[in-house]
1. Please compute the length gained on full extension between Asp289 and Lys127, using 0.36 nm multiplied by the number of residues separating them and subtracting their Cα-Cα distance.
2. So what's the range 240-302 giving for Cα Rg divided by 2.2 N^0.38 Å, two decimals?
3. So between Thr350 and Met119, what do we pick up on full extension, going 0.36 nm a residue minus the alpha carbon distance?
4. Can you tell me the length gained on complete extension of the stretch His327 to Lys309, counting 0.36 nm per residue apart and subtracting the Cα distance?
5. Estimate the FRET efficiency between Lys215 and Asn148 by the formula 1/(1 + (r/R0)^6), using the beta-carbon distance for r and 35 Å for R0, to the nearest 0.05.
6. Can you pull the one-decimal nm distance between simple spin-label points at His238 and Lys83, each 7 Å off the Cα toward Cβ?
7. Where Rh is the Kirkwood radius over the Cα pairs of the range 310-361, the temperature 20 °C and the viscosity 1.002 mPa s, what D in µm²/s does Stokes-Einstein return?
8. Using +1 at the Cβ of each Lys and Arg and -1 at the Cβ of each Asp and Glu in the range 138-228, identify which of Met173, Gln228, Tyr162 lies farthest towards the dipole's positive end.
Amino acid sequence: MIQSGDNKAQNTQLTLSVDDNKMTLLTVDDKGQQVDAAKLTAHNHSETSGSLGNSGSDSANSSSKPNTADRLDLVTVIKNADKITIGDYTTESFKVFKAALVKAKRVLANPNATKTEIMAANTALVKAQSALKRVNTNTNTTQTTVKNVPDKVIAVKGVALYRKPNFSKHLKMNSFSKMPQMHQAQFKVLGIIKADNDRLRFHVRDINRQSKTYKQAGYITAAKGFVQSANYTSIAKHKQLTVINPEGLNGYKSSRLMGEVKRHYRQGQFLKVKHLIHRGTLLVFQLTDGNYVTTNKQRIQVGRVNLPKVVKTKHRIVLYRETELIHRKQMIGRNVPLKIMGWDYSSHGTLRYRITGGYITANHHLVK
């Protein structure tokens, strides 16, 4: 009650009137006559709190202003969410997740975002991520309709490895060019399924040691024009093989291709086959000399592979240390006969001859 010292003994009462943001306090006596009055105007909440004391303002600011930990938590959640790709989940669930991710990034980029906004964005993104529904690729398995699924396959043409059976550019993991047989890309087959367009895909693991996706799993086409079994599954009529592996081939005493090596066959050597033996998923050739060798197409080729034993230089050429023809060793003059020890290919599939000391070009314009 607002009164002067002289009016304190009077019988008075307090009345209140409000007009928009203005408030008037009136003190009147028992006869209804005004004794005292005070007018107040409403101000901003934070200013009013400040007039009452700093403790209320500090408390309000601490609850609305985010700290560093709040932002770091949101950064972590966003980083984890960015690793998720659309091919792994249903379109509907990913759409909700993507919207939450975009909103969270927008909030994080706003320097004036409040703690409440940051916490809400964090919670919404985590909730949307947990609600993602994976695409069920098992519903289209075709193992009951595909017979003799190979244990391994090689790419006889250029192929690509994808994260999902429904191929698209953003799901591509790696590409493999068409290469000569000894360097064709090879994959371990994990299964076979159908894509949404009813085309068969091999679920595979990359087993090419020099590949950037080595040991990673993915999907490649199962079309016969692009991939074939990595092992021979029958004996050719002439029952002859040629060793094509630059390091040669081991012949084993055991059909398990383990233990004692009975003989080593050099590259270019012709072998005669006696039997094709099945040991579960393992296929091996038994040779006429009694030894057992692999049926892998990167190491042997059915039939006779005829390459020259000697070439003569037409022009001066360079002897290189490796098949990429980068490091020179020496010059070789014109009309020099060279004994061919073997052959190999560059990373682009270009033929090179191996002679004593290194590699030379196989270009017929330079050697014959």
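Please treat every number below as a calculation from the coordinates, not as lab data. None of the values given here were measured: they were computed from a predicted structure. Cβ: placed from backbone, ideal geometry, glycine included. Neighbour counts: every protein chain shown.
1. Numbers: separation 162, 0.36 × 162 = 58.32 nm, distance 6.74 nm.
Here the segment from Asp289 to Lys127 would lengthen by 51.6 nm.
2. Values: Rg = 10.5 Å, N = 63, 2.2 N^0.38 = 10.6 Å.
Relative to the 2.2 N^0.38 Å estimate, the range 240-302 comes out at 0.98.
3. So the chain would gain 77.2 nm between Thr350 and Met119.
4. Working: separation 18, 0.36 × 18 = 6.48 nm, distance 2.46 nm.
So the extension gain works out to 4.0 nm.
5. 0.85
6. Between His238 and Lys83, the simple spin-label model gives 5.4 nm.
7. Calculated translational D: 196 µm²/s.
8. Met173
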